[in-house]
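The block underneath contains the structure these notes are about, expressed in structure tokens.
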Amino acid sequence: MLKSFLGKSDGQPLGDYLGGVRKRFGQWILDTARAEYDQKWLDYQHEIGLRHHRTKKNQTDNAAAAVAIVPFRDLFALIFPVTFTLKPFLAKKGHSAEDVEKMHAAWVKSCLLQVTLWSHQYVKTGDF
């Protein structure tokens, strides 16, 4: 997904933009762990989808030099690293194997739900 945060003209990472993205990604992890699936959360999922799509991409960070869209295939592929890497982390915290499995399954389900919600803007010819 890094290519979505590179400069259009030189292909180099946009440091300030990546910094803002990383900060929001950290908040996304906390929000996902909280699992408060209310209307505010649902509205923000819609906003996340808009911010990855050409509809609003680059507007939050005023990053006009970045590419215009995060291709949906990259959003969908993000599910693997953000779910696969969590399980060993949970296991290190002293939870039982059964609890680790339950927490991991809940995380995977939440990530799948969120990417499904983000995809709303992408259900158009040419965006995949």
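The values are calculated or read from the model by the stated rules, or taken from the named source; none is laboratory data. Just so you know, these numbers come straight off a predicted model, no measurement behind them. Every residue, glycine as well, gets a Cβ built from its backbone with ideal geometry; the counts of neighbours run over all protein chains shown.
Listed residues LEU50, LEU42, LEU30; which is touching a Leu at 6+ places or on another chain (Cβ under 9 Å), modelled with pLDDT of 90 or more, part of a helix (DSSP H, G or I) and at negative phi?
None of the others qualify; the one that does is LEU42.
For residues that are over 17 Å from the mean Cα position of the chain (by Cα) and surrounded by 10 or more Cβ atoms within 10 Å (Cβ to Cβ), tally how many sit in region 7-39.
5
Can you tell me which residue within region 76-91, out of those that are surrounded by fewer than 16 Cβ atoms within 10 Å (Cβ to Cβ) and among the aromatic types (Phe, Trp, Tyr), is farthest from the chain's Cα centre (by Cα)?
PHE89
State all residues of region 63-75 that are surrounded by fewer than 16 Cβ atoms within 10 Å (Cβ to Cβ) and either closer than 26 Å to ASP43 by Cβ or within 11 Å of the chain's Cα centre (by Cα) (or both); if no residue qualifies, say none.
Residues satisfying the conditions are ALA64, ALA68, ARG73, ASP74.
Taking the stated definitions as given, is HIS95 out of contact with any strand residue (DSSP E or B) (no Cβ under 7 Å at 6 or more places or on another chain), outside any helix (DSSP H, G or I), modelled with pLDDT of 90 or more and surrounded by 13 or more Cβ atoms within 10 Å (Cβ to Cβ)?
Yes; evaluated as a whole, the condition is true for this residue.
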